[in-house]
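Quick notes on the structure that follows.
The values are calculated or read from the model by the stated rules, or taken from the named source; none is laboratory data. Computed from a predicted structure; not experimentally measured. Positions of Cβ are backbone-derived with ideal geometry, glycine not excepted, and every protein chain shown enters the neighbour counts. These area figures cover heavy atoms from the full protein model, side chains too; ligands, DNA and RNA do not enter into them. Shrake-Rupley method; radii C 1.70, N 1.55, O 1.52, S 1.80 Å.
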Amino acid sequence: MTAPILEVSGLARAFGGIRAVDGVDLRFAEPGIVGLIGPNGAGKTTLFDLITGRQSADSGEIRFEGRRIDGLPVHRRARLGFARTFQECRVLVEESCLDNLLFAAQDQRLGGALGRVFSGRRSAGREALEDAWRLLEMVNLPQFAHRPAGDLSYGQRRLLEIASTLMARPGVLLLDEPAAGVNPSLLNTVHDVLLRVAAERRILLVVVEHNMPFIMSLAAHVVVLHQGRVLEQGSPAAVQNSPRVVEAYLG
Ligand code: ATP
(Lines give C-alpha, C1' and ligand atoms only; values in the text may rest on other atoms or scores of the structure.)
Protein backbone atom coordinates (compact mmCIF):
# COMPACT_ATOMS: atom_id res chain seq x y z
CA MET A 1 0.00 0.00 0.00
CA THR A 2 1.42 3.40 -0.94
CA ALA A 3 1.58 6.15 1.67
CA PRO A 4 -0.85 9.09 1.43
CA ILE A 5 0.46 12.20 -0.31
CA LEU A 6 -0.11 14.34 2.76
CA GLU A 7 -1.03 13.37 6.28
CA VAL A 8 -1.19 15.52 9.41
CA SER A 9 -1.99 14.18 12.84
CA GLY A 10 -2.56 15.95 16.13
CA LEU A 11 -1.25 19.19 14.65
CA ALA A 12 -1.45 22.14 17.04
CA ARG A 13 -0.21 25.70 17.26
CA ALA A 14 -1.21 28.38 19.76
CA PHE A 15 -0.44 32.10 19.85
CA GLY A 16 -0.63 33.08 23.50
CA GLY A 17 -4.09 31.96 24.58
CA ILE A 18 -5.39 31.53 21.00
CA ARG A 19 -5.43 27.95 19.76
CA ALA A 20 -5.10 28.76 16.06
CA VAL A 21 -4.72 25.09 15.08
CA ASP A 22 -5.99 22.76 17.75
CA GLY A 23 -5.33 19.07 17.10
CA VAL A 24 -5.95 18.70 13.37
CA ASP A 25 -5.94 15.26 11.71
CA LEU A 26 -6.13 15.12 7.91
CA ARG A 27 -5.22 12.50 5.34
CA PHE A 28 -5.12 13.03 1.59
CA ALA A 29 -4.25 9.87 -0.28
CA GLU A 30 -4.97 10.85 -3.87
CA PRO A 31 -4.10 13.74 -6.19
CA GLY A 32 -6.97 16.18 -6.80
CA ILE A 33 -8.48 19.35 -5.38
CA VAL A 34 -9.32 19.74 -1.71
CA GLY A 35 -11.15 22.84 -0.48
CA LEU A 36 -10.24 24.22 2.94
CA ILE A 37 -12.93 26.55 4.23
CA GLY A 38 -13.99 28.07 7.53
CA PRO A 39 -14.99 31.41 9.01
CA ASN A 40 -12.41 34.18 9.54
CA GLY A 41 -9.84 33.17 12.14
CA ALA A 42 -10.62 29.43 11.79
CA GLY A 43 -6.91 28.61 11.41
CA LYS A 44 -6.65 28.03 7.65
CA THR A 45 -3.58 30.17 6.99
CA THR A 46 -1.87 28.92 10.13
CA LEU A 47 -2.44 25.34 8.95
CA PHE A 48 -0.79 26.23 5.61
CA ASP A 49 2.09 27.86 7.51
CA LEU A 50 2.60 24.73 9.60
CA ILE A 51 2.50 22.40 6.58
CA THR A 52 4.98 24.48 4.58
CA GLY A 53 7.24 25.19 7.56
CA ARG A 54 6.74 28.94 7.76
CA GLN A 55 5.62 28.38 11.36
CA SER A 56 6.57 25.50 13.61
CA ALA A 57 3.96 23.36 15.31
CA ASP A 58 3.72 23.06 19.09
CA SER A 59 2.86 19.40 18.61
CA GLY A 60 1.76 16.88 16.02
CA GLU A 61 3.19 15.26 12.93
CA ILE A 62 3.21 16.06 9.20
CA ARG A 63 4.06 13.38 6.63
CA PHE A 64 4.63 13.78 2.93
CA GLU A 65 4.43 10.49 1.01
CA GLY A 66 5.02 8.71 4.31
CA ARG A 67 8.09 10.73 5.26
CA ARG A 68 8.01 12.85 8.40
CA ILE A 69 8.72 16.47 7.46
CA ASP A 70 7.62 18.58 10.41
CA GLY A 71 11.20 19.10 11.59
CA LEU A 72 12.41 20.38 8.21
CA PRO A 73 12.91 24.06 7.30
CA VAL A 74 10.82 25.72 4.56
CA HIS A 75 13.38 25.28 1.76
CA ARG A 76 13.83 21.54 2.44
CA ARG A 77 10.06 21.03 2.33
CA ALA A 78 9.93 23.06 -0.90
CA ARG A 79 12.58 20.83 -2.44
CA LEU A 80 10.65 17.73 -1.41
CA GLY A 81 7.62 19.00 -3.28
CA PHE A 82 5.65 21.69 -1.43
CA ALA A 83 4.65 24.95 -3.07
CA ARG A 84 2.22 27.65 -2.02
CA THR A 85 0.74 31.00 -2.84
CA PHE A 86 -0.15 33.68 -0.32
CA GLN A 87 -3.22 35.84 0.24
CA GLU A 88 -1.33 38.72 -1.34
CA CYS A 89 -0.25 38.02 -4.91
CA ARG A 90 3.53 37.80 -5.37
CA VAL A 91 4.90 38.43 -8.86
CA LEU A 92 7.87 40.47 -10.08
CA VAL A 93 6.04 43.32 -11.78
CA GLU A 94 9.05 44.69 -13.66
CA GLU A 95 10.14 41.35 -15.09
CA SER A 96 8.55 39.74 -18.12
CA CYS A 97 6.07 36.93 -17.53
CA LEU A 98 8.55 34.44 -19.00
CA ASP A 99 11.32 35.68 -16.69
CA ASN A 100 8.96 35.44 -13.72
CA LEU A 101 8.67 31.71 -14.41
CA LEU A 102 12.40 31.23 -15.03
CA PHE A 103 13.21 33.14 -11.88
CA ALA A 104 10.81 30.93 -9.93
CA ALA A 105 12.51 27.81 -11.31
CA GLN A 106 15.95 29.09 -10.34
CA ASP A 107 14.82 30.38 -6.96
CA GLN A 108 13.09 27.12 -6.07
CA ARG A 109 16.06 25.05 -7.23
CA LEU A 110 18.31 27.06 -4.92
CA GLY A 111 15.80 26.88 -2.08
CA GLY A 112 14.97 30.59 -2.34
CA ALA A 113 18.27 31.35 -0.64
CA LEU A 114 19.78 33.68 -3.19
CA GLY A 115 17.00 36.22 -3.34
CA ARG A 116 17.15 38.25 -6.53
CA VAL A 117 20.40 36.95 -8.01
CA PHE A 118 18.79 36.09 -11.30
CA SER A 119 20.70 35.63 -14.50
CA GLY A 120 17.59 35.51 -16.69
CA ARG A 121 16.73 33.77 -19.91
CA ARG A 122 20.33 33.52 -21.10
CA SER A 123 21.25 30.99 -18.41
CA ALA A 124 17.96 29.09 -18.31
CA GLY A 125 18.19 25.49 -19.43
CA ARG A 126 16.18 24.33 -22.44
CA GLU A 127 14.02 22.18 -20.22
CA ALA A 128 13.10 25.12 -17.96
CA LEU A 129 12.31 27.27 -20.99
CA GLU A 130 10.08 24.59 -22.50
CA ASP A 131 8.33 24.10 -19.18
CA ALA A 132 7.81 27.86 -18.80
CA TRP A 133 6.19 28.08 -22.24
CA ARG A 134 4.00 25.05 -21.51
CA LEU A 135 2.84 26.66 -18.27
CA LEU A 136 2.16 30.02 -19.92
CA GLU A 137 -0.10 28.11 -22.35
CA MET A 138 -1.74 26.28 -19.47
CA VAL A 139 -2.69 29.55 -17.73
CA ASN A 140 -3.71 31.29 -20.97
CA LEU A 141 -0.91 33.86 -20.91
CA PRO A 142 1.47 32.96 -23.78
CA GLN A 143 0.72 36.25 -25.55
CA PHE A 144 2.14 38.08 -22.48
CA ALA A 145 5.40 36.10 -22.35
CA HIS A 146 7.63 39.08 -23.16
CA ARG A 147 5.49 41.74 -21.46
CA PRO A 148 6.19 42.87 -17.88
CA ALA A 149 4.00 41.16 -15.29
CA GLY A 150 2.94 44.67 -14.23
CA ASP A 151 0.92 44.88 -17.48
CA LEU A 152 -1.32 42.04 -16.32
CA SER A 153 -4.67 42.44 -14.56
CA TYR A 154 -4.82 41.23 -10.96
CA GLY A 155 -6.48 37.97 -11.98
CA GLN A 156 -3.87 37.35 -14.66
CA ARG A 157 -1.13 37.96 -12.07
CA ARG A 158 -2.76 35.28 -9.95
CA LEU A 159 -2.55 32.91 -12.90
CA LEU A 160 1.10 33.80 -13.47
CA GLU A 161 1.81 33.18 -9.79
CA ILE A 162 0.18 29.74 -10.00
CA ALA A 163 2.27 28.93 -13.08
CA SER A 164 5.42 30.09 -11.21
CA THR A 165 4.78 27.69 -8.35
CA LEU A 166 4.47 24.82 -10.84
CA MET A 167 7.98 25.38 -12.24
CA ALA A 168 9.33 23.36 -9.31
CA ARG A 169 6.97 20.46 -10.19
CA PRO A 170 5.51 20.25 -6.68
CA GLY A 171 3.56 17.26 -5.42
CA VAL A 172 1.43 19.47 -3.17
CA LEU A 173 0.31 23.00 -4.01
CA LEU A 174 -1.36 25.10 -1.29
CA LEU A 175 -3.33 28.07 -2.63
CA ASP A 176 -4.45 30.81 -0.24
CA GLU A 177 -7.58 32.47 -1.68
CA PRO A 178 -6.81 32.26 -5.42
CA ALA A 179 -10.19 33.82 -6.30
CA ALA A 180 -9.94 36.80 -3.94
CA GLY A 181 -9.89 40.13 -5.76
CA VAL A 182 -10.15 38.48 -9.17
CA ASN A 183 -12.48 40.22 -11.62
CA PRO A 184 -15.64 38.09 -12.10
CA SER A 185 -14.91 37.91 -15.84
CA LEU A 186 -11.69 36.00 -15.09
CA LEU A 187 -12.99 33.75 -12.30
CA ASN A 188 -14.02 31.01 -14.72
CA THR A 189 -10.54 31.01 -16.20
CA VAL A 190 -8.90 30.66 -12.76
CA HIS A 191 -11.36 27.85 -11.99
CA ASP A 192 -10.63 26.01 -15.25
CA VAL A 193 -6.88 26.48 -14.91
CA LEU A 194 -6.91 24.87 -11.45
CA LEU A 195 -8.92 21.91 -12.76
CA ARG A 196 -6.43 21.57 -15.60
CA VAL A 197 -3.45 21.75 -13.24
CA ALA A 198 -4.88 18.99 -11.05
CA ALA A 199 -5.71 16.78 -14.03
CA GLU A 200 -2.54 17.29 -16.07
CA ARG A 201 0.03 17.42 -13.28
CA ARG A 202 -1.63 14.79 -11.07
CA ILE A 203 -0.85 16.72 -7.87
CA LEU A 204 -2.70 17.52 -4.65
CA LEU A 205 -4.10 21.06 -4.60
CA VAL A 206 -5.33 22.36 -1.26
CA VAL A 207 -7.31 25.55 -1.79
CA VAL A 208 -8.33 28.00 0.95
CA GLU A 209 -11.25 30.04 -0.33
CA HIS A 210 -14.08 32.22 0.98
CA ASN A 211 -15.87 32.28 -2.39
CA MET A 212 -18.31 29.40 -1.81
CA PRO A 213 -19.68 28.90 -5.35
CA PHE A 214 -16.09 28.88 -6.62
CA ILE A 215 -14.73 26.32 -4.16
CA MET A 216 -17.82 24.10 -4.08
CA SER A 217 -17.73 23.65 -7.84
CA LEU A 218 -13.95 23.18 -7.87
CA ALA A 219 -13.12 20.79 -5.03
CA ALA A 220 -13.86 17.07 -4.91
CA HIS A 221 -13.47 17.07 -1.14
CA VAL A 222 -14.03 19.92 1.31
CA VAL A 223 -12.61 20.32 4.82
CA VAL A 224 -14.26 22.80 7.19
CA LEU A 225 -12.10 24.30 9.92
CA HIS A 226 -13.66 26.06 12.88
CA GLN A 227 -11.79 27.43 15.89
CA GLY A 228 -8.68 25.48 14.91
CA ARG A 229 -10.43 22.12 14.57
CA VAL A 230 -11.87 20.07 11.73
CA LEU A 231 -15.60 20.61 12.07
CA GLU A 232 -16.65 18.60 9.02
CA GLN A 233 -15.29 17.09 5.83
CA GLY A 234 -16.72 15.33 2.81
CA SER A 235 -18.17 16.04 -0.61
CA PRO A 236 -19.18 19.66 -1.34
CA ALA A 237 -22.86 18.67 -1.15
CA ALA A 238 -22.46 16.89 2.18
CA VAL A 239 -20.58 19.82 3.70
CA GLN A 240 -23.06 22.40 2.44
CA ASN A 241 -25.94 20.43 3.95
CA SER A 242 -24.28 19.96 7.33
CA PRO A 243 -26.19 21.78 10.10
CA ARG A 244 -22.94 22.15 12.06
CA VAL A 245 -21.33 23.98 9.14
CA VAL A 246 -24.32 26.25 8.64
CA GLU A 247 -24.27 27.08 12.35
CA ALA A 248 -20.52 27.81 12.36
CA TYR A 249 -20.93 30.27 9.52
CA LEU A 250 -24.02 31.95 10.93
CA GLY A 251 -22.98 31.86 14.58
P1 ATP B 1 -8.87 34.31 7.52
O2 ATP B 1 -9.94 33.55 6.79
O3 ATP B 1 -9.42 35.56 8.15
O4 ATP B 1 -7.62 34.53 6.74
P5 ATP B 1 -7.74 32.01 8.92
O6 ATP B 1 -8.74 30.91 8.96
O7 ATP B 1 -6.68 31.93 7.89
O8 ATP B 1 -8.49 33.41 8.82
P9 ATP B 1 -5.58 32.31 10.78
O10 ATP B 1 -5.01 33.50 10.08
O11 ATP B 1 -4.85 31.03 10.66
O12 ATP B 1 -7.12 32.11 10.37
O13 ATP B 1 -5.73 32.70 12.32
C14 ATP B 1 -6.23 31.79 13.31
C15 ATP B 1 -6.22 32.49 14.66
O16 ATP B 1 -4.87 32.67 15.09
C17 ATP B 1 -6.85 33.87 14.64
O18 ATP B 1 -7.51 34.09 15.87
C19 ATP B 1 -5.65 34.80 14.50
O20 ATP B 1 -5.91 36.07 15.09
C21 ATP B 1 -4.59 34.04 15.29
N22 ATP B 1 -3.22 34.28 14.78
C23 ATP B 1 -2.74 33.88 13.58
N24 ATP B 1 -1.45 34.23 13.44
C25 ATP B 1 -1.10 34.86 14.60
C26 ATP B 1 0.10 35.46 15.09
N27 ATP B 1 1.22 35.47 14.37
N28 ATP B 1 0.08 36.01 16.34
C29 ATP B 1 -1.05 36.00 17.08
N30 ATP B 1 -2.22 35.45 16.68
C31 ATP B 1 -2.25 34.89 15.47
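What to note about this one:
- Residues of the stretch 183-222 that are within 16 Å of the ligand (Cβ to nearest atom) and out of contact with any Gly (no Cβ under 6 Å at 6 or more places or on another chain): Val206, Val208, Glu209, His210, Asn211, Met212, Phe214.
- Sole exception among (1) at pLDDT below 95; (2) at negative phi; (3) surrounded by 14 or more Cβ atoms within 10 Å (Cβ to Cβ) for Gly81, by number: (2)
- Residue in the stretch 170-180 that is open to solvent by 20 Å² or more (accessible area, probe 1.4 Å), within 16 Å of the ligand (Cβ to nearest atom) and either touching a residue at least 40 places away in the same chain (Cβ under 8 Å) or assigned to a helix (DSSP H, G or I) (or both) present: yes
- Residue that is nearest to Arg229 (Cα to Cα), among those in the stretch 1-39 that are within 16 Å of the ligand (Cβ to nearest atom) and in a loop (DSSP other than H, G, I, E, B): Gly38
- Meets criteria (open to solvent by less than 50 Å² (accessible area, probe 1.4 Å) and touching a helix residue (DSSP H, G or I) at 6+ places or on another chain (Cβ under 6 Å)) for Ala57: yes
- Verdict on Glu247 being away from the ligand (no atom under 16 Å from the Cβ), open to solvent by 50 Å² or more (accessible area, probe 1.4 Å), assigned to a helix (DSSP H, G or I) and without any contact (Cβ under 8 Å) to a residue 24 or more places away in the chain: yes
- Of the residues in the stretch 137-155, not one is touching a His at 6+ places or on another chain (Cβ under 9 Å) and touching a residue at least 12 places away in the same chain (Cβ under 8 Å).
- Residue-level check: of (1) open to solvent by 60 Å² or more (accessible area, probe 1.4 Å); (2) away from the ligand (no atom under 15 Å from the Cβ), Gln227 misses just (2).
- Condition met for Glu130 (of a type outside the set (S, T, N, Q), part of a helix (DSSP H, G or I) and at pLDDT 90 or above): yes
- Within the stretch 230-244, if we keep just the residues that are open to solvent by 50 Å² or more (accessible area, probe 1.4 Å) and assigned to a loop (DSSP other than H, G, I, E, B), the residue that is farthest from Ile51 (Cα to Cα) turns out to be Asn241.
- Where a residue in the stretch 46-62 is over 19 Å from Gly16 (Cα atoms) and in a strand (DSSP E or B) and its partner, wherever it lies, is open to solvent by 10 Å² or more (accessible area, probe 1.4 Å) and of a type in the set (Lys, Arg), with Cβ under 8 Å and at least six apart: Glu61/Arg68; Ile62/Arg68
- Taking the criterion of being over 22 Å from Met216 (Cβ atoms) and loosely packed, with under 15 Cβ neighbours inside 10 Å, the residues of the stretch 22-53 that qualify are Gly23, Asp25.
- Condition check for Val197: closer than 29 Å to Leu80 by Cα, open to solvent by less than 60 Å² (accessible area, probe 1.4 Å) and outside any helix (DSSP H, G or I): no
- Check on Phe64, at pLDDT 95 or above, open to solvent by less than 60 Å² (accessible area, probe 1.4 Å) and under 17 Å from the mean Cα position of the chain (by Cα): yes
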